[in-house]
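Inspection log for the structure reproduced underneath, given as structure tokens.
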Amino acid sequence: MPILLIAILAFSLLGIIACLSVRGPLIRAFEDRHGLTDARNAVTEARKARNETKVKAAELEAQKQALSDKIADIEAETNKIDQQLKAMPQMVYTLVFELGGSDASVPMFEFVVARTPRLGPTDAKGPERELWARPRVLRCRSRNAQTALAQAQARFPTADGFTVRPAERLDATKSR
């Protein structure tokens, strides 16, 4: 009896192998006859494209995360700098204009330059308006006060709304 079972098992295995070996070419012939080979190739190509797209999407997601981290770092740095700027004392700078050469042997004369606001199409706008919101100091090197005043008025003409007048220094050491 065991020999009979072994024989049946052997013949069934041979039958299965024969069916599988005959089945493959039959299936391919069927697919060729009905045009299924092209569809199978299209599905295979679509799967490859989908997998490539998934890989590309994963790479882009990683780049997106890296850029998001950089943005967060930059925003943190910006907030830190803003806090530092708020903590810094507000400094006021005095803008001083200088005319003339750099020869130290020539005396320096000081003037006060102011610009009157004008209402017209040539009115100063933006930063220039802020620049002339208050009078400014002008230092001019020249041989005498008259030529220094002439240089100052040539640079800041009254036609443009400037007023140039000699600066009067208050001496803090004098007592009243």
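The values are calculated or read from the model by the stated rules, or taken from the named source; none is laboratory data. The structure presented is a predicted model; accordingly, all values stated were derived computationally and were not measured. Quick reminder, even Gly has a Cβ in these numbers, built from the backbone with ideal geometry, and neighbours come from all protein chains shown. Note: accessible area is taken over every heavy atom of the protein model, side chains too, but ligands, DNA and RNA are not part of it. Shrake-Rupley method; radii C 1.70, N 1.55, O 1.52, S 1.80 Å.
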(message) Is it the case, given these coordinates, that Glu98 is within 30 Å of Phe162 (Cα to Cα), in contact (Cβ under 8 Å) with a residue 40 or more places away in the chain, open to solvent by less than 100 Å² (accessible area, probe 1.4 Å) and among the charged types (D, E, K, R)?
(response) no
(request) Using the structure shown, decide if Glu98 is in a strand (DSSP E or B), at pLDDT below 90, within 21 Å of Arg169 (Cα to Cα) and touching a Lys or Arg at 6+ places or on another chain (Cβ under 8 Å). (result) yes
(message) Tell me yes or no: at least one residue of region 81-92 is open to solvent by less than 90 Å² (accessible area, probe 1.4 Å), part of a helix (DSSP H, G or I), β-branched (Val, Ile, Thr) and more than 30 Å from Val137 (Cα to Cα).
(response) yes
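Results for (1) touching a Pro at 6+ places or on another chain (Cβ under 7 Å); (2) more than 28 Å from Pro166 (Cα to Cα); (3) at pLDDT 80 or above, shown as yes or no for each residue.
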residue	(1), (2), (3)
Lys54	no, yes, yes
Pro89	no, yes, no
Val113	yes, no, yes
Pro127	no, no, no
